[in-house]
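Each reported figure results from applying straightforward, stated rules to the coordinates on display, with no laboratory input. Owing to the predicted nature of the structure, the values given are computational and were not obtained by experimental measurement. Neighbour counts run over all protein chains shown; Cβ positions are idealised from the backbone, glycine included.
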Amino acid sequence: MSASIEERLFTIRYKADRVSHLIIKDQEVCLACPTKECNWFCPSDVYLWHEAERMTSVAYENCIECGTCRIACPTYNIEWVYPKGGYGVTYKYG
Amino acid sequence: MADERFDAIVVGAGPAGTAAAYTMARAGLKVALIERGEFPGAKNIFGGVLYRKQLEDLIPGWWKEAPLERKIVEQRLWVLAEDSAVTFGHRNQRYEDPPNCWTGLRVKFDPWFAGKAEQAGAVPIYETVVTGLLRAGERVRGVITDRDDGELEANVTIIADGVNSLLGKQLMVHREWRPDEVSLAVKEIIQLPRQTIQDRFNLEGDEGCTIEIIGNTCGMAGLGFLYTNTDTLSIGVGVMVSDLKKKRIKPYEVLDALKRHPMIARLIQGGEVKEYSGHLIPEGGFNSIPALCGDGWMICGDAAQLVNAVHREGTNLAITSGRLAGEAAIQAHQVGDFSARTLAAYDDAIRASFIYKDLKKYRHVHSLLANEDTQQLFDALPRALNEAAYEMLLVDGVPKRDKQRKAIRRLKEAAGGAYMDLIRLGLKGWRAMNG
């Protein structure tokens with residue numbers, strides 16, 4: 001009964017803003033990061049390191065606004081604010 | 001917005017903020033209740049259990065009209081190993097009347113509660129993010145929002161913006177939480193027919209049960225839970241963010257492992273996942289509580305780390321802290337002084353309440369979890385306990401004395417190898433729970 005993360009995120013209602021509320025401050029810092037642990041600890045797989053492009057992509061539309069990355073990024077390289085009022089995740093059950 | 005002046009602004013329409021807004025509005029204060037979600041509860045997640053007592057202090061008999069799921073008559077604790085469990089629990093008919101607690105869903109409960117504050121006269125300002133605080137030196141004199149012309153002034157600002165509390169950080173009342181001061185919980189709502197839930201969990205009518213789960217969390221400091229709602233189940237797992245960082249396991253994989261456990265799988269079998277969610281839980285406890293008030297401001301609920309992780313109590317601490325902040329604001333309003341000295345009545349009230357006393361009791365639990373080997377506490381020991389139970393109950397001709405020796409050896413080994421390790425861990429655990 002295990003669902004993929006895509007199936008899981010599909011159960012959530014989002015209203016995505018046009019601009020990201022999550023910003024990687026410096027991609028060079030990601031490049032130098034030995035663990036790239038944001039690729040693991042995010043519950044909605046927002047962050048993904050791309051070796052070829054040498055950058056961390058940010059799927060902010062999937063963000064469930066938990067704040068883990070804000071605290072867990074080892075270099076605090078993620079600028080984290082709330083989505084604009086009324087945007088972002090809206091739960092149906094909670 | 002700039003022309004309006006309020007007696008009080010509350011940031012966040014969760015249980016803490018709404019309790020504060022309700023308390024103040026009922027006393028005739030002009031209150032703005034600001035919420036960034038589309039509606040109160042839109043972004044809120046908990047396990048979750050709602051307790052009767054603390055809200056009854058505010059709205060007697062509230063539970064007769066509030067949207068609730070099931071009345072909890074049985075609480076179970078399961079200690080899991082890979083394909084087994086040692087189980088404890090307590091069921092009591094006395095929990096039927098008056099009820100002790102219920103399961104709930106925040107998208108239903110929070111709007112109901114905020115509606116009460118609105119009816120009392122609080123002005124709802126939803127879909128609005130507070131991006132900063134208006135300051136006059138040390139004094140907070142209002143908030144800045146993401147609305148056009150979005151400054152709002154008030155004599156007092158109550159900060160109830162949840163676990164991330166960006167406002168608390170701006171105010172420098174707390175630095176960034178350390179990864180060991182918060183847990184990330186992920187949860188699923190699984191739909192099943194009402195009767196199926198009742199049959200599987202041995203319940204009738206609106207009775208419900210909760211199961212707290214230790215072990216099987218991929219070796220991380222964490223707890224699982226499985227709660228019965230009316231026609232859904234809430235299943236989830238919370239793990240300490242510092243452990244999650246180390247393990248390189250995705251949070252939802254920890255949840256998947258829990259769902260696959262043979263004891264759990266049969267309870268959720270055939271259900272449809274209706275929603276996935278995640279939220280941080282402040283678990284720093286007593287030592288992480290920031291300064292609670294200053295000139296023109298107070299801070300409540302998750303934003304102030306007011307969560308009793310050992311008893312998985314949160315919404316009740318939030319509601320009481322919100323009420324106490326609201327009462328302090330009313331006193332300040334009466335004397336026309338909103339300085340830190342007057343608002344210290346809130347700090348005093350928290351100290352005199354169960355919040356402070358309970359969190360103080362468990363003050364050392366956090367350091368036990370943060371500093372001990374979590375693999376040992378949350379994996380090796382639950383396994384050893386299961387092995388010991390298996391051996392003791394297995395009738396295979398081996399004398400009981402030998403079985404007991406073997407069982408104790410297993411526990412000893414799990415604790416570090418020596419009897420002293422087991423005793424040390426036991427003592428540490430006892431002290432942590434009775435600090």
- Query: Does chain B classify as rounded, prolate or oblate by the C-alpha gyration tensor (a ≥ b ≥ c root eigenvalues; a/c under 1.5 gives rounded; else a/b over b/c gives prolate, otherwise oblate)?
  - Reply: prolate
- Among B:GLY215, B:GLY89, B:GLY296: highest mean-square fluctuation, GNM of chain B, C-alpha pairs under 10 Å: B:GLY89
- Label-point separation (nm) for B:THR87 and B:ASP57, each offset 7 Å from Cα along Cα-to-Cβ? 3.5
- Item | Set of lysines near B:LYS403 by C-alpha distance (under 20 Å), chain-local residues within fewer than 8 positions excluded | B:LYS412
- Query: Which is the longest run of chain B containing none of the GluC sites (Glu not before Pro) found in DSSP loop states (not H, G, I, E, B) with at most 11 other C-beta atoms within 10 Å?
  - Reply: B:205-435
- Task: Give me the lysines in straight-line cross-link reach of B:LYS361: C-alpha distance below 22 Å, same-chain residues under 8 apart excluded.
- Result: B:LYS53, B:LYS428
- Normalised by the residues of chain B, what does the relative contact order come to in percent, with Cα pairs under 8 Å and at least six apart? 20
- Treat the count of other C-beta atoms within 10 Å as a stand-in for reagent exposure and order B:MET24, B:MET433 from fewest to most. B:MET433, B:MET24
- GluC sites (Glu not before Pro) within the range A:50-83: DSSP coil, no more than 13 neighbouring Cβ in 10 Å: A:GLU51, A:GLU53
- If a/c stays under 1.5 just call it rounded; otherwise compare a/b with b/c (prolate if a/b is bigger, oblate if not). Do that for the range B:37-110, with a ≥ b ≥ c from the square roots of the Cα gyration tensor eigenvalues. oblate
- May I ask you to derive the FRET efficiency for A:GLU28 and B:GLU372 from their Cβ-Cβ distance with R0 = 45 Å, giving the value to the nearest 0.05? 0.75
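Below 21 Å Cα-Cα, how many Lys pairs turn up in chain A? Only count pairs eight or more apart in sequence, or on different chains, if you could.
5
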- Message: Connecting C-alpha atoms closer than 10 Å in a GNM of chain B, tell me which of B:ASN92, B:ASN316, B:ASN308 has the biggest fluctuation.
- Response: B:ASN92
- Query: At 222 nm, what helix-only mean residue ellipticity would chain A give, in deg cm²/dmol to the nearest 500, using -39500 (n - 2.57) for each DSSP H run of four or more?
  - Reply: -4500 deg cm²/dmol
- Task: Would you be so kind as to identify which of B:ALA384, B:LEU133, B:ILE214 lies farthest towards the positive end of the dipole of chain B, taking Lys and Arg as +1 and Asp and Glu as -1 on Cβ and the Cα centre as origin?
- Result: B:ALA384
- Item | 222 nm mean residue ellipticity, helices alone, for chain B (DSSP H n ≥ 4; -39,500 (n - 2.57); rounded to 500) | -11000 deg cm²/dmol
- Message: As an exercise, use a Förster radius of 51 Å and the Cβ-Cβ distance of B:ASN202 and A:HIS50 to find the FRET efficiency, rounded to the nearest 0.05.
- Response: 0.50
